[in-house]
Amino acid sequence: MHPIAQLDHRYLWHPFTQMRDWFKREPIIIMEAKAAVLTDVHGREYLDANASIWTNLHGHRIPAINAAIRRQAGRIAHSSALGFASEPAALLGERLIGMSNPATLYKKREVEGVPFTNPKLARVFYSDNGSTAMEVALKLAYECARRSRRSLKPRFLSLAGAYHGDTVGAVSLGHIDLFHKTYAGLLFDSDQVMAPYCYRCPFNRAQPERADARSYRQCQWECLDCLAKKLATARRRGNPYAGWVFEPGMQGAAGMIPQPEGWLARAAALARADGALLIADEIMTGFGRLGSGLEAGARSKGAVPHYFASHLEGVQPDFLCLAKGLAGGYMPMAATLTTASVFDAFLGEYEEFKSFFHGHSFTGNQLGSAAGMACMGILNSPKCLENRLRIERVLRQELASLWCLPQVGDIRQAGVVAGVELVRDWRTRQPFELKERAGIRVCEAMAKLGVLTRPIGNVIPFIFPYCITPQQIAQAVAALGRAIAATFEGHSGAGARTTKPASPAHKKGGAKKL
Ligand SMILES: *Cc1c(COP(=O)(O)O)cnc(C)c1O
């Protein structure tokens with residue numbers, strides 16, 4: 001075993017990892033990278049098909065980003081935002097406010113005949129990771145509800161399957177039992193409401209087809225009725241929700257679950273009408289991941305691309321939570337953007353003690369802000385937009401080739417992000433049990449083919465750096481196809497089989513390892 005692997009095995013503890021499994025094999029040791037390709041300690045190359053856990057925006061070792069970090073390091077790496085201002089943090093703040101208030105959101109709007117006004121985002125509060133960006137929104141919304149006397153015991157509503165991070169407040173907003181149940185005793189209560197998951201929706205009366213379940217769903221938006229009911233019940237009980245928390249466009253860690261067109265606009269209108277603050281978790285979806293709302297060439301005609309998933313449905317939240325790609329995946333950096341009205345609730349004389357008593361040592365980090373500025377510069381370029389439009393198109397074409405596999409139940413893409421849900425047989429939608437490690441086995445097979453991504457249960461995500469080439473996208477999708485075929489070899493999936501067929505992995509004793 002490589003000496004670094006030995007050190008790792010001896011001293012480290014990896015996140016979201018059963019370490020007993022970890023010790024069974026030599027880890028891939030990533031030594032360097034260029035653009036979308038990672039290189040390990042033996043010189044083997046891998047495609048970074050999940051953008052290094054969804055963080056990397058433009059690719060690795062991009063000269064403009066490296067230069068910005070180097071330039072900043074030549075001046076100062078970090079100074080305290082508790083008491084002092086800094087140039088990169090101020091510049092990035094201006095940039096973020098500019099990108100997050102597109103003029104189209106402020107034209108006269110209505111949703112199903114009801115007029116709808118969007119607030120403006122006016123302030124940036126920095127922190128250093130996604131969970132803390134959520135904590136900030138949570139605390140601010142909590143205190144706003146109390147100060148406005150909307151609620152003296154503020155409660156929050158979030159979506160089923162939600163994941164908003166791993167700190168205690170963020171976990172309290174989450175609803176993935178596997179991660180969150182253990183800590184129930186440590187958490188505050190929050191309510192959940194049905195999320196649109198068309199492929200497995202009890203209200204979707206459509207039989208499975210070889211297409212994204214959103215495209216053939218048969219329902220009456222019952223999920224929105226559930227939301228309306230939740231909001232009304234809390235109100236009737238005299239404690240309306242302080243905030244409604246959602247991942248706009250697509251729920252990430254829930255399994256790359258995209259929302260059908262029109263869901264977010266309608267859901268946001270319900271929450272607005274109720275008076276709850278809208279807390280958008282765009283930690284995965286932000287910075288163009290879900291598309292720009294533009295067709296190829298539209299920009300040359302003066303159209304402006306959207307950078308945030310909320311905006312694709314004409315929704316402006318009261319809190320826009322950003323992290324992951326904010327500094328391109330180079331530095332830990334996060335921001336919670338909010339409105340003047342939230343900000344004003346914390347203004348007062350010193351002795352009123354209305355300040356927001358919250359802040360992390362690395363708030364507004366200068367290196368991170370400088371990297372963020374370089375990343376936003378690239379993101380705003382016409383070339384990057386063309387790349388993103390091309391990724392969207394090529395990925396859609398390539399993924400279509402997977403429908404012939406019986407273990408592919410749903411292929412769902414939003415913008416440049418996609419999830420492929422594996423099932424025992426597409427005709428029954430019957431899921432693999434978690435302990436079968438279907439997603440893990442497929443990703444291990446993909447790694448052998450030189451493509452790295454991390455499964456979410458039975459869902460295989462693709463989320464690429466924007467510098468990825470069409471050939472590399474084809475390579476990634478082909479690897480997934482081959483990995484599925486190899487992993488489930490012998491599972492013909494023929495017929496609407498509901499009994500559990502023995503897989504070759506089981507025959508070879510793979511089951512013992514489960
Ligand atoms: C990753 C993620 C988080 C948590 O961010 P961390 O930086 O890992 O704390 C929260 N919400 C969403 C949607 C995410 O994808």
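Tell me, which residue of region 177-197 that is assigned to a loop (DSSP other than H, G, I, E, B) and of a type outside the set (Ser, Thr, Tyr) is surrounded by the most Cβ atoms within 10 Å (Cβ to Cβ)? It would help to see each step written out before you state the result.
Quick first cut of region 177-197, residues assigned to a loop (DSSP other than H, G, I, E, B) only: 187-190, 194-197.
Filter once more, keeping what is of a type outside the set (Ser, Thr, Tyr): 187-189, 194-196.
Details: LEU187: 16, PHE188: 14, ASP189: 8, MET194: 19, ALA195: 23, PRO196: 25.
That would be PRO196.
Take the conditions (1) small (Gly, Ala, Ser); (2) within 16 Å of the ligand (Cβ to nearest atom); (3) in a helix (DSSP H, G or I); GLY165 misses just one of them, which is (3).
Within region 331-350, the set of residues being in contact with a strand residue (DSSP E or B) (Cβ under 8 Å, 6 or more places away or on another chain) and away from the ligand (no atom under 16 Å from the Cβ) comprises THR338, THR339, ALA340, VAL342, PHE343. Looking across region 372-386, the residues that are touching a residue at least 40 places away in the same chain (Cβ under 8 Å) and open to solvent by 40 Å² or more (accessible area, probe 1.4 Å) come down to MET373, ILE378, PRO382, GLU386.
Count of region 280-330 residues, restricted to those that are over 21 Å from ALA162 (Cα atoms), within 12 Å of the ligand (Cβ to nearest atom) and either touching a Ser or Thr at 6+ places or on another chain (Cβ under 7 Å) or part of a loop (DSSP other than H, G, I, E, B) (or both), is 1. When only residues in region 198-221 that are of a type in the set (Phe, Trp, Tyr) and in a helix (DSSP H, G or I) count, which is nearest to ILE411 (Cα to Cα)? By that ranking, first place goes to TYR199. Within region 254-264, if we keep just the residues that are open to solvent by less than 20 Å² (accessible area, probe 1.4 Å) and of a type in the set (A, V, I, L, M), the residue that is farthest from the ligand (Cβ to nearest atom) turns out to be LEU264. When you look at HIS78, is it out of contact with any His (no Cβ under 9 Å at 6 or more places or on another chain) and in contact (Cβ under 8 Å) with a residue 40 or more places away in the chain, yes or no? When the stated conditions are applied, HIS78 passes them.
Yes or no: GLU222 of a type in the set (D, E, K, R), open to solvent by less than 40 Å² (accessible area, probe 1.4 Å) and free of Cβ contacts under 8 Å to residues at least 60 places away in the same chain? Answer is yes for this residue.
The values are calculated or read from the model by the stated rules, or taken from the named source; none is laboratory data. Computed from a predicted structure; not experimentally measured. Cβ atoms come from the backbone with ideal geometry, glycine included; neighbour counts cover every protein chain shown. Remember, those area values only see protein heavy atoms, side chains included, never the ligands or the DNA or RNA. Shrake-Rupley method; radii C 1.70, N 1.55, O 1.52, S 1.80 Å.
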